[in-house]
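Each remark here refers to the structure printed beneath this line.
The values are calculated or read from the model by the stated rules, or taken from the named source; none is laboratory data. Here the structure is a predicted model, which means the values were calculated and not measured. All Cβ positions, glycine included, derive from the backbone under ideal geometry; neighbour counts span all protein chains shown.
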Amino acid sequence: MSSPCRIALIVGLAAFCLASRHAGAASIYTENWTTPGDSRGWFIGALGGAGTPAYSGDGVSWTASPGASFGWLTGFQAQGQSFASAGNFAGNYPAAGIKGFAFDFALDSDSLNNAGPPVLRILFTSVVAGGFNSYWLHDFAVTPAIGGGLQHYFVPLEAGSWTQYLGSFAFADAIQNIQTVEVDYFRLGNYSSYVQTGRFKNFSTVGVPEPATALLPAAAAVALVANRRRRAAC
């Protein structure tokens, strides 16, 4: 391949990658709890324990410790309901162009380490035929590393990425009337003493696939075009 062809190919790939990165960052709804002390219509707290979140204006900082309610469950819970003040979750997600959920999560400390083991989960509820009767969940394969800083998570709104927890309605029907979305970091077990701290921010409903998802097929197309041009001109 001659130098001009090689340079053109490199420039083209660089421009494509930058465009994909920009597109992947687009969102239809994003929440960062920009007002200190304001939950923005979310329920956020300790899952099965005690804890008070701090809305700093740049996400949520949280602490979880044992509580009297559920001794067999520990962790963090953040639920955005249909009345969340910065954006309404209720509605037809495919019609709105929503392709998935994304958020950043940090586990700053966990005295239980990997006991349990812990699970990072996102779930949604929907109304089908008149009731909250369809629950779908996704457990992330990689849980946040203790002290590893904010880590980014994304799950596409596709049937193959979700498991039905309750109800018998099809995924395609469920996503047409989603009511609540929830993120949990938890483990099962009766632990009498523990302390967990972390951060949660940049929760988004995204309107396009994230760059890592969108990059591969498009990159293949770019490579094919470049190969054809190389045969013709180089």
*Conditions (1) under 30 Å from Gly189 (Cβ atoms); (2) crowded, with 17+ Cβ neighbours inside 10 Å; (3) at pLDDT 70 or above; number of the one not met by Glu31*: (1)
*Of the numbered conditions (1) of a type outside the set (Lys, Arg); (2) over 30 Å from Ala159 (Cβ atoms); (3) at pLDDT 70 or above, Trp72 satisfies every one except a single condition; which is it?*
(3)
_Residue match in the range 80-90 (condition: part of a strand (DSSP E or B) and at pLDDT below 90)_ = yes
*Selection status of Ala145, modelled with pLDDT of 90 or more, loosely packed, with under 13 Cβ neighbours inside 10 Å and in the same structural domain as Asn202 (by TED's automatic domain parsing)*: yes
_Top-ranked residue in the range 129-140 [being part of a loop (DSSP other than H, G, I, E, B) and free of Cβ contacts under 8 Å to residues at least 24 places away in the same chain; ranked as farthest from Ala174 (Cα to Cα)]_ = Phe140
*Scan the range 99-128 for residues that are crowded, with 17+ Cβ neighbours inside 10 Å, outside any strand (DSSP E or B) and at pLDDT below 90 and report the count.*
2
*Could you please find all residues in the range 190-224 being aromatic (Phe, Trp, Tyr) and either at pLDDT below 85 or touching a Cys at 6+ places or on another chain (Cβ under 8 Å) (or both)?*
Tyr191, Tyr194
